[in-house]
Amino acid sequence: MDIQTIIEKCKRGDCKAQYLLYEAFIDMVAVVSERYSLDEPSAKDNIQNTFIKAFSNLHQYDDQRGHFQTWLKRIAINQCLAEYKKRGKIFFTPSLAEVHQDLYQDAEFEFFDNNYVHEKIKTAIDALPLGYRTVFLLSVVDECSHKEIALQLGVSENTSRTQLYKAKKMLKNKLSKWYIHSKAI
């Protein structure tokens, strides 16, 4: 059964179809929720609330406007951001600094075990201050524009750019220290 058929059955209240839809997308929603949530219990709550919102608003989904996965991913991200705002947990450091350089231009990494490198990068991203991490994930991972980020977070586009700049700078410093340490061993 294809996704569109499952969605149509879900709209008619078919519980089996809802379970199939849940099973088809739980992994993607879990990854998004874990990426944006502060801790594991929050991630689990965000997963549950994402599916509740998706099933409650399934009548608003229009396959002519985009893929279901994209629609559901946006709900998951918005759910996590709403949770941040509810808790008052997003902190931004306003600055008018302009982004004038690409922080990745001079990054030098040899070939390490991909899983090891992936884990180091994930750890470095998770260690970023929440405001930096949120903007970084929205911009780099989810490919949102600064305009979209500004609207979602209620900040200026310049604040979004500055937060991304500072996040990249902090990541570069952390990963460079790790790289230098790894080369010395």
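Here are some notes:
- Against the list (1) at pLDDT 85 or above; (2) assigned to a helix (DSSP H, G or I), the condition His118 fails is (1).
- Some residue of the stretch 78-98 being modelled with pLDDT of 90 or more, outside the structural domain of Ser176 (by TED's automatic domain parsing) and within 22 Å of Glu157 (Cα to Cα): yes
- The residue pairs whose first member lies in the stretch 162-185 and is among the charged types (D, E, K, R), whose second member is surrounded by 15 or more Cβ atoms within 10 Å (Cβ to Cβ) and modelled with pLDDT of 90 or more, and whose beta carbons are closer than 8 Å, counting only pairs six or more residues apart or on different chains, are Lys166/Tyr132; Lys168/Phe136.
- Of all residues making up the stretch 129-138, the number that are surrounded by fewer than 15 Cβ atoms within 10 Å (Cβ to Cβ) and either in the same structural domain as Gln79 (by TED's automatic domain parsing) or within 18 Å of Met28 (Cα to Cα) (or both): 0
- Flag if Val141 is modelled with pLDDT of 85 or more and under 23 Å from Met28 (Cα atoms): no
- Each residue in the stretch 145-157 was checked for being within 15 Å of Cys80 (Cα to Cα) and surrounded by 14 or more Cβ atoms within 10 Å (Cβ to Cβ), and 3 of them qualify.
- Single condition His59 does not satisfy, out of (1) in contact (Cβ under 8 Å) with a residue 24 or more places away in the chain; (2) surrounded by 12 or more Cβ atoms within 10 Å (Cβ to Cβ); (3) of a type outside the set (A, V, I, L, M, F, W, C): (2)
- Qualifying residues in the stretch 151-167 (those that are of a type in the set (Gly, Ala, Ser) and part of a helix (DSSP H, G or I)) - the one nearest to Phe136 (Cα to Cα): Ala167
- Evaluating Tyr165 against the criteria (1) within 24 Å of Val31 (Cα to Cα); (2) at pLDDT 90 or above leaves one unmet condition, (1).
The values are calculated or read from the model by the stated rules, or taken from the named source; none is laboratory data. Treat the numbers as computed from the prediction; the structure is a model and nothing was measured. Virtual Cβ from ideal backbone geometry, glycine too; neighbours counted across all protein chains shown.
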